[in-house]
Every structure is written in structure tokens, then in C-alpha cells.
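Data block below; observations after.
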Amino acid sequence: MAGGTTLTGRVRVTGAKNSTLKLMAAALLATGRTVIDEVPDILDVSIMSEVLRRLGCDVGYERTPGSGGGGRVTIDVPENPSTETDYDLVRRMRASISVLGPLVARCGSARVALPGGDAIGSRGLDMHISGLERLGASIVSEHGFLVATAPRLTGTSIWLDFPSVGATENLVMAAVLASGTTVVDNAAREPEIVDICTMLTAMGARIDGAGTSTITVEGVESLSPVSYTAVPDRIVAGTWAIGAVMTRGDVVIERAVAGHLTVALDKLTDAGAHVEVLPEGLRVVMTERPRCVDVVTLPFPGFPTDLQPMAVALAAVSSGTALITENVFEGRFMFVNELVRLGADVRIDGHHAVVRGREKLSSAPVVATDIRAGAGLVLAGLLSDGITEVQEVHHVDRGYPDFVEQLRGLGADIKRTQR
């Protein structure tokens with residue numbers, strides 16, 4: 001890509017990656033055809049589709065023209081799905097662990113390979129396991145698999161040590177078919193949690209408190225398949241918003257939900273941007289060099305950890321000095337060495353990054369280490385003084401549909417090359 005780009009125009013956000021993968025897993029809870037719209041055409045969706053196929057489901061995907069890279073997924077779930085997931089697929093994507101709760105709840109057993117995913121730090125499964133055990137499941141780890149059995153789960157009270165999104169989702173999906181009432185305290189509050197609870201409710205589940213720190217689930221005997229539209233991807237929307245500010249652009253982000261990005265948008269306003277809520281989404285306008293702003297990542301409704309690489313990239317080209325504090329994933333700063341190769345002035349001290357802004361960055365070959373780091377490096381490359389090459393962009397493909405095409409549509413001089 002060539003530096004000197006100003007991003008202008010319109011871009012459309014599809015359904016959230018961090019929601020659609022879990023919605024697909026939730027389909028396992030009901031026999032029959034579930035249809036999910038606004039599913040992003042990304043690698044992780046392909047992997048989850050194959051996970052479900054190997055569990056016996058018939059999964060199809062049809063891209064929707066003009067959707068910005070989204071489409072419709074149909075999942076036909078058999079009456080007796082398989083209960084074992086393959087290691088070769090699960091190791092590629094952490095979200096595949098979300099089939100554990102539905103399989104145990106519906107089938108009474110599951111054998112799920114321990115997952116892989118982005119190298120952004122330790123993300124143990126302790127809360128998934130302890131929560132399912134409190135619901136009555138027996139779980140052992142053997143030969144790289146979690147093996148869970150439970151004739152019928154029983155409602156209980158569960159306290160999460162940390163408001164983990166993945167653990168909250170898995171436990172709620174398990175609890176909807178449990179006998180009795182389950183209360184999950186210190187639950188995650190992210191919009192993606194609300195999204196999966198909304199879909200489960202449409203399927204016939206009884207859930208109260210989604211979006212708060214206490215979720216109450218009254219178990220039911222069975223659920224029914226539904227047609228559902230996934231919530232817009234707030235991380236992709238935030239990426240475009242930060243890109244507009246970094247490049248002093250003017251971008252309308254269709255389907256973006258301001259209420260899902262309150263802290264991030266406040267930070268962009270503090271940096272000097274004009275943010276306007278529109279009927280169709282958001283407009284972000286920047287006319288001058290942004291000012292540095294401090295950022296602290298926290299669970300929702302705080303600043304999203306998934307936008308932290310973009311926040312560091314923004315600070316790297318802003319005026320002044322910013323302190324970026326990472327409180328969620330200890331490995332999030334792994335990409336900083338690559339950003340420094342582009343001329344950024346960043347110093348790491350534990351879970352803090354001190355960033356001194358520069359007017360321009362220097363072009364260089366860099367390597368994406370995870371989904372969001374890759375997106376942050378691409379945005380930084382738009383502020384370089386020449387041609388920047390970002391390698392290992394398969395990471396970006398896992399979270400951003402049509403990323404290069406959408407950037408080109410906003411005026412970026414960028415192309416993808418195959419090696």
C-alpha cells in the first residue's frame with residue numbers, strides 16, 4: 001500500500017465476527033434449519049461451518065450483493081448430531097470451543113479439541129470448565145480434548161472470576177436446556193452477549209438480564225430453529241472510525257451502532273474528530289492532525305481490547321504523547337515491534353505503552369501477528385512515506401470481509417499480492 005491516503009466515502013459493516021460464530025454454535029441446540037443473516041464472509045466463518053458439518057450439520061453460505069462482505073448462512077441440524085470436534089479445525093480458531101455448551105446440554109456429552117486462535121496472551125478455559133461442572137457436567141482433559149458428560153444439566157448459581165465473553169456465552173447456551181434456574185454473576189455485558197441471548201430467546205429460551213452483570217436462565221425442555229440477523233460488528237466499525245481519524249478523512253460507516261462504541265467514539269472526539277450519529281450509522285470527520293489521547297482497555301462498556309492496536313497506531317501519528325494501558329490480554333502488545341519498524345516511537349512497560357506521536361511513519365515490510373494487529377498495521381501503512389507491505393494477512397481475513405476492497409473503495413492505494 002502507498003502512504004498519503006485520506007479515507008473518504010461510505011463503508012458498510014456486516015454482522016459481528018465475535019457474535020456470528022457463537023450464533024452458529026447456538027444452532028446446535030435445535031433440530032431443523034436455522035438461518036442467520038449478515039454473516040461476514042471471513043475465514044473463521046468457513047472454519048466454523050466445517051466444524052458444524054463434521055458434527056453432522058448441513059451448512060450453506062450465500063453471499064449478499066452490496067452487503068459489504070456479508071451473507072446468509074443456513075444450518076440444518078440433525079436430530080442426533082455427532083458430539084466430537086476435530087482437532088485440525090478447532091486448533092485454528094478459539095471460538096470453536098463454543099460448541100461445548102450446546103453439545104453437552106442437548107446431547108449429554110461432548111468431546112471437543114482444545115482450541116487455538118490468535119497469539120494475544122493466555123485465555124484459559126477454567127471458567128468454561130468450572131461453570132459446566134457446577135451445572136452438573138463431568139469434564140476431563142485427555143489427549144488434547146475436553147471430554148464432558150452430563151445426563152441432564154441442573155440449574156445453579158455461577159460466579160465468574162472475570163467477565164469472560166466466551167465463558168458467559170458457553171454457560172448460557174448450556175443453561176437454556178438445563179433443569180431449573182441458572183444465575184450467572186459477573187457475566188460479560190458485551191453487545192455480542194445480548195445478541196446471542198436475543199437469538200436464544202427467539203428459539204424459545206427464557207433469559208433475563210442480558211447486557212447486565214447478572215444473567216438468569218430458566219431452563220426449558222427444547223428449543224426451535226429460527227431466522228435471525230446478527231448484530232453489526234462494532235470492532236470493524238471502530239476500525240473504520242479510527243482509520244478516518246488517522247488519515248484526516250470523512251467516512252460514513254453504515255450499520256455502525258454508536259451505543260456499542262461510546263468510549264471509543266469519546267476518545268476520537270477528544271482527539272479532535274467530529275462524530276455524527278446518522279439514521280444509517282455514523283459519520284466520522286477529521287480535518288487536522290489528531291491529538292494524542294490516553295486509552296485504557298476494559299471489558300464492555302470500556303474501551304475494547306480488540307481496538308487497542310488501532311489506538312496505538314492512531315497515537316503513533318498524533319500530536320503529543322499517549323499512554324495506552326492493556327488490561328485484558330497480556331499479549332496484545334506483541335505487534336508493537338512491527339509498528340516500530342514503521343518508525344513509530346513506542347515504549348512498552350508491562351501492560352502500558354508510551355507512544356510519542358510523529359507526523360509521518362516510514363514504509364517498511366511488517367508482519368501481522370493477529371487479526372487486529374494486522375488491521376492496525378495496514379492503517380499505519382496509510383500514513384507512511386512510501387510503500388508498506390504487510391505480510392501474513394491471512395490473520396486479517398479472519399476478522400474483516402473484503403478489507404482491501406473496502407479500503408480501495410475509500411480511496412486507499414492498496415492491493416493484495418499472492419505469494
Task: Residue satisfying all of: in the range 14-58; touching a residue at least 60 places away in the same chain (Cβ under 8 Å) and acidic (Asp, Glu); nearest to Ala95 (Cα to Cα) among these - done: Asp44
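So, in the range 363-378, of the ones that are crowded, with 24+ Cβ neighbours inside 10 Å and of a type in the set (Val, Ile, Thr), which residue ends up farthest from Leu410 (Cα to Cα)?
Val366
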Task: Residues being free of Cβ contacts under 8 Å to residues at least 60 places away in the same chain, surrounded by fewer than 21 Cβ atoms within 10 Å (Cβ to Cβ) and either touching a helix residue (DSSP H, G or I) at 6+ places or on another chain (Cβ under 8 Å) or not in a strand (DSSP E or B) (or both) - total across the range 280-297 - done: 7
Task: Qualifying positions in the range 163-177 - surrounded by fewer than 24 Cβ atoms within 10 Å (Cβ to Cβ) and touching a residue at least 40 places away in the same chain (Cβ under 8 Å) - done: Pro163, Val165, Gly166, Leu177
Task: Restricting the range 204-253 to residues that are part of a helix (DSSP H, G or I) and among the aliphatic types (A, V, I, L, M), the residue that is nearest to Val317 (Cα to Cα) - done: Met246
Open item on the list: I need the full set of residues from the range 1-60 which are among the acidic types (Asp, Glu) and under 22 Å from the mean Cα position of the chain (by Cα), in order please.
Closed with: Asp37, Glu38, Asp41, Asp44, Glu50
Task: Matching residues in the range 81-106 - criterion: being modelled with pLDDT of 95 or more and surrounded by fewer than 17 Cβ atoms within 10 Å (Cβ to Cβ) - done: none
Task: Residues of the range 377-401 satisfying the condition of being of a type in the set (Asp, Glu) and touching a helix residue (DSSP H, G or I) at 6+ places or on another chain (Cβ under 9 Å) - done: Glu389, Glu392, Asp397
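The values are calculated or read from the model by the stated rules, or taken from the named source; none is laboratory data. Keep in mind the model is a prediction, meaning the values are calculated, not measured. Glycine also receives a Cβ, built like all others from the backbone with ideal geometry; neighbour counts cover every protein chain displayed.
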